[in-house]
Amino acid sequence: MERYYQPEIETASPEEIAAIQSENLLRTVKRVYENVPFYREKMDKAGVRPEDIRSAKDLYKLPFSYKQDLRDTYPYGLFATPLKDVVRLHASSGTTGKQIVAGYTRKDLDIWAECCARALTAAGCTQEDIVHVAYGYGLFTGGLGADGGGLRIGAMTVPVSSGNTQRQVTILKDFGSTILCCTPSYAMHIAEVLYESGYTKDDISLKAGVFGAEPWTNEMRRVIEDKLGIKAYDIYGLTEVMGPGVSFECCEQTGMHINEDHFIVEVINPDTGEVLPDDTQGELVFTCITKEAFPILRYRTRDIGVITRKKCSCGRTLAKMTKPRGRTDDMLIIRGVNVFPSQIETVLLDEGYTANYLILVDRVNNTDTMEVQVEISSEQFSDTVKELAKREKKLAEALKSLLGVSAKVRLLEPNSIARSVGKAVRVVDKRKLLD
Ligand code: ADP
Ligand code: ZN
């Protein structure tokens with residue numbers, strides 16, 4: 001039986017959600033128009049006045065916001081409250097350029113904790129649980145975000161932060177952590193160190209994991225679940241919109257419920273900006289409707305996904321988004337073919353390899369080249385040279401058939417690729433250095 005943190009919202013009717021969204025959107029639009037010159041100018045330019053937004057259905061009339069807008073107004077230009085009301089700052093790690101800054105009032109932190117409490121509750125967390133947070137603490141939203149959710153539920157929350165993996169294992173064992181929160185790639189690494197240290201899933205008490213902040217495949221989910229003896233749930237968010245907890249997975253594990261009382265989601269055609277119907281793939285766009293300090297409107301996430309309102313077996317009525325398969329800027333174009341790193345991950349895990357891999361892209365004689373390096377397990381490592389060559393060939397064929405473009409394969413010995421404790425870096429695109 002699934003537990004809800006706030007059934008009155010999580011199982012509300014579509015009409016009830018629409019009413020909440022309209023009321024909050026109107027208030028937010030009016031507030032930013034009055035308080036943030038950036039939005040006022042942008043709306044004036046687009047010929048939209050706050051009065052033109054009469055319900056959430058009018059959202060499409062508002063101009064989009066982009067990451068570049070955050071950079072242009074860095075650090076506080078988009079804040080809608082005086083700085084004295086801001087009680088916390090976070091910044092994105094800046095994986096794709098200059099860092100961006102987000103501010104939170106006391107109420108914003110409160111709502112964030114509520115969103116993360118819903119996520120943890122959906123993963124089975126109660127007051128009885130021990131929540132081990134191995135997302136990084138600091139400016140990154142992962143650590144303090146998950147922490148806020150654990151505290152809100154009243155679970156024993158352990159702020160381990162990321163890194164020192166041996167110690168993570170000791171803490172899991174000694175403290176009896178029951179829920180692990182970290183990036184999926186770090187969960188894999190923790191599992192690896194657990195087994196390297198001579199333990200197995202039977203030596204720890206974990207029952208669930210809440211993993212996000214980076215794309216990961218269902219194949220990877222199965223490996224993590226198996227290694228750690230848990231059920232692994234996805235959680236999504238971004239600094240610009242709030243942090244983790246914008247959406248979260250339930251027991252059905254087929255997508256993440258969006259906290260629609262706080263965020264309105266749209267899917268658009270990234271090339272034309274046209275709003276697309278449900279169940280169609282496109283770029284996810286979020287509007288914050290309850291945030292005080294940093295309520296971003298129609299933010300272009302560049303994350304590619306699908307929204308669905310089909311009935312979910314957990315009973316929640318909140319719309320669901322599929323696992324984003326990556327950002328448009330993570331997509332590689334190899335000799336004209338679009339390739340997402342997550343597709344490569346699917347093939348590798350399906351073929352029995354580890355999730356320790358690296359994709360090297362280059363341009364040689366005006367032609368794109370792609371090399372997939374993946375570690376083999378110690379058992380595979382003892383194979384003969386002939387067997388290894390056969391393996392490489394088989395993997396290259398599997399990649400070619402799924403991606404539609406050929407890649408060179410290189411099998412590496414165990415432990416030759418650096419492990420990450422946060423967001424994993426899977427792609428080295430040397431073409432970017434040439435451009
Ligand atoms: P940065 O932009 O510096 O990476 P953020 O932590 O704000 O910092 O990153 C948010 C981004 O991380 C999202 O836009 C999305 O691309 C990715 N992300 C977050 N959670 C997930 C998830 N569960 N699945 C796939 N991608 C995710
Ligand atoms: Zn559900």
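The values are calculated or read from the model by the stated rules, or taken from the named source; none is laboratory data. From a predicted model like this one, the values you see are computed outputs, not experimental measurements. Positions of Cβ are generated from backbone atoms using ideal geometry, with glycine treated the same way; all protein chains shown enter the neighbour counts.
A few remarks follow.
- Tally of residues being away from ligand 1 (no atom under 16 Å from the Cβ), within 30 Å of Ile264 (Cα to Cα), charged (D, E, K, R) and touching a residue at least 40 places away in the same chain (Cβ under 8 Å) across region 301-358: 2
- Pairs, first at pLDDT 85 or above in region 371-389, second of a type in the set (Phe, Trp, Tyr), C-beta under 7 Å, six or more apart: Val372/Tyr357; Gln373/Tyr357; Val374/Tyr353; Val374/Tyr357; Ile376/Tyr353
- Test: residue in region 189-203 that is surrounded by fewer than 22 Cβ atoms within 10 Å (Cβ to Cβ), more than 16 Å from ligand 1 (Cβ to nearest atom), under 23 Å from Gln127 (Cβ atoms) and in the same structural domain as Glu240 (by TED's automatic domain parsing): no
- Test: Thr141 is within 27 Å of Val101 (Cα to Cα), touching a His at 6+ places or on another chain (Cβ under 7 Å) and polar (S, T, N, Q): yes
- Ser313 meets all of the listed conditions (1) away from ligand 2 (no atom under 16 Å from the Cβ); (2) among the small types (Gly, Ala, Ser); (3) more than 19 Å from the chain's Cα centre (by Cα) but one, namely (1).
- Contacts under 6 angstrom Cβ, first residue in region 86-114 being at pLDDT 95 or above, partner basic (Lys, Arg) and in a loop (DSSP other than H, G, I, E, B), 6 or more apart: Asp108/Lys291
- Considering only residues in region 246-255 that are out of contact with any Leu (no Cβ under 9 Å at 6 or more places or on another chain) and within 12 Å of ligand 1 (Cβ to nearest atom), the one that is farthest from Arg3 (Cα to Cα) turns out to be Gly255.
- Consider region 12-37 and keep the residues that are closer than 20 Å to Gly315 by Cβ and surrounded by 15 or more Cβ atoms within 10 Å (Cβ to Cβ). The one that is nearest to ligand 1 (Cβ to nearest atom) is Ile17.
- Residue within region 223-234 that is within 30 Å of Phe79 (Cα to Cα) and either at pLDDT 95 or above or not assigned by TED's automatic domain parsing to the domain that holds Ser92 (or both) present: yes
- Selection status of Ile53, out of contact with any strand residue (DSSP E or B) (no Cβ under 9 Å at 6 or more places or on another chain) and surrounded by 16 or more Cβ atoms within 10 Å (Cβ to Cβ): yes
- Counting only strands (runs of 3 or more DSSP E) that sit completely within region 66-166, zero hold 3 or more residues that are touching a Lys or Arg at 6+ places or on another chain (Cβ under 8 Å), more than 16 Å from ligand 1 (Cβ to nearest atom) and closer than 19 Å to Tyr299 by Cα.
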